[in-house]
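Readers should treat all values here as calculations from the given coordinates under stated rules, not as data from a laboratory. Here the structure is a predicted model, which is why all the values come from computation and not from measurement. Virtual Cβ from ideal backbone geometry, glycine too; neighbours counted across all protein chains shown.
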Ligand code: PLP
Ligand code: COI
C-alpha cells in the first residue's frame, strides 16, 4: 500500500475519482450481495425514476487517518439509519441498515491510498447514495434501485478553512412544513442551487433559510445546521421538523454537555434572537464547524461579536474537541468511532 501522490494540504472540497466504488442492486424485491467495481460511470435507461422524478437520497461521512496509522469512520450507524429514513420518505427500497457499515468499510478499505495522511487537515469523504433505476413515466416510485458508495479525498468545504464567513438571509425557502427538509434527498439540494449561485454572485458564502411558513424562525443553510452560543456560554441549536437532523450537530450537543460541561438547548430559534448571540457557526460533515462573522439581513448587517477575523473561543473549543474525538486523540463515547480493519 502506498498513498497516492496528491497535494493533501491543498485539497478543496471537490470530486476526484478513486479506485473502487461499492454497488448493490435491488430487483424483484431483494438486494443482491453487492460488490466493489472499477467504473465510476453509470448507464441507466433514459426514463429511470431518478432522472424523471428525482428519486434519489444520499449520505455523507468521512474517514480519517489517526496518529498511529489506523483509518477510522465516525458514527456510520447514524448515516445508515438516516439513509433508510430518507428512502422510506421517497417510497424507495431502503438499503439494509445492517449491511451499510460493512459496505462503507469495504469501500474505504479498497481506497486506503486516498485517505489523506494524519495531520494534513484533509479527509476521505464518503458519499453513499440510492436511486430509482427502472423506467417510469407515470408518477410512481421505481421498483428497482441502485445503492452506491463513492469516495473522494477532500479539504475544507469553505475556502479559508476556519475563517469566519459572511452569509445572507435568503428570500427563498429550503423546505416546506410536512415536506422533505428532514431527509437527505437530492431534490432539497436541486432547489438550493439557484439561491446559492445568487448568494455567491453577491459575495456571500451561504444562505440562512428561515421557516417557510412564517419566516420568523431560523432553519439551516443549504448544507449545514446552525450552532449558536449565548453570551453566558450556552449552546443553542435550532429545532424544527423541516431541517436535517445533522449527525455532527447531535454529536456536538453531546460533546458540549458531557465533555465541556456546557448547558445545551435544542429549541426553536426566532430570527429576532440572532443579534443576541456571542458566537454563531455552521456544522456538518463537510463543514465540520465553520464560524459565521456576519449575516446580511436584506442589506442590514448583523455583526457577530466574535468578528470576521477568527473563530470564537467556545466554537473553537467545540471544534477541537470534536476533531480530537474523530481522530482518536481523546476517547470517544462508546460506538462512535469505527476502525477500518
Ligand atoms: N443540513 C444539511 C441540509 C446538510 O446537507 C447536511 C450535511 O450532511 C447537514 C445539515 C449536516 O449533517 P451531518 O452533520 O449529518 O453531515
Ligand atoms: C455533508 O456535509 O456531508 C453534506 O452532504 C453537505 C453537502 C452540502 C456537501
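Taking 7 Å steps out from each Cα toward its Cβ at residue 241 and residue 178 produces label points 0.8 nm apart.
For the range 249-265 versus the range 169-216, the spacing of their alpha-carbon centroids is 27 Å.
So what is the 222 nm mean residue ellipticity for the chain from helices alone, if each DSSP H run of at least 4 adds -39500 (n - 2.57) and you divide by all residues, rounding to the nearest 500 deg cm²/dmol?
Numbers: 6 runs with 75 residues, N = 341.
About -7000 deg cm²/dmol.
Given axes a ≥ b ≥ c from the Cα gyration tensor, I'd like to know whether the range 194-271 is rounded (a/c under 1.5), prolate (a/b larger than b/c) or oblate. Note, shape of the range 194-271 comes out prolate.
Ordering 193, 130 by the number of other Cβ atoms within 10 Å of each residue's own Cβ, fewest first, gives 193, 130.
Largest first, the extents of the alpha carbon coordinates of the chain on the three principal axes equal 56, 52, 36 Å.
Taking 279, 327, 201 as the candidate residues, the one with maximal mean-square fluctuation in a Gaussian network model of the chain, Cα springs under 10 Å, is 201.
Using a simple spin-label model with pseudo-atoms 7 Å out from Cα toward Cβ, residue 263 and residue 159 lie 4.1 nm apart.
With only the Cα atoms considered, the range 80-147 has a convex hull volume of 117 Å³ per residue.
Can you put 276, 334 in order, fewest other beta carbons within 10 Å first? Exposure proxy ranking, most exposed first: 334, 276.
Taking every pair of alpha-carbon atoms in the range 183-233, give the share separated by more than 15 Å as a whole percent. List each step's numbers first, then the result.
Numbers: 726 of 1275 pairs.
Pairs farther apart than 15 Å: 57 percent.
The distance between label points at residue 250 and residue 2 comes to 4.2 nm (points 7 Å beyond Cα on the Cα→Cβ vector).
Counting beta carbons within 10 Å around each of 209, 189 and listing the fewest first gives the order 189, 209. Could you give the distance between the Cα centres of the range 304-336 and the range 65-96, to the whole Å? Going from one Cα centre to the other spans 22 Å. For the range 203-328, the share of alpha carbon pairs falling in successive 5 Å distance bins from zero is 2, 11, 23, 26, 21, 11, 4, 1, 0 percent.
Please pull out the direction-averaged projected area of the range 1-145, using the convex hull of its alpha-carbon atoms, in nm² to one decimal place.
9.4
Within the listed set 125, 194, 166, the residue fluctuating most in the Gaussian network model of the chain (springs between alpha-carbon atoms under 10 angstrom) is 194.
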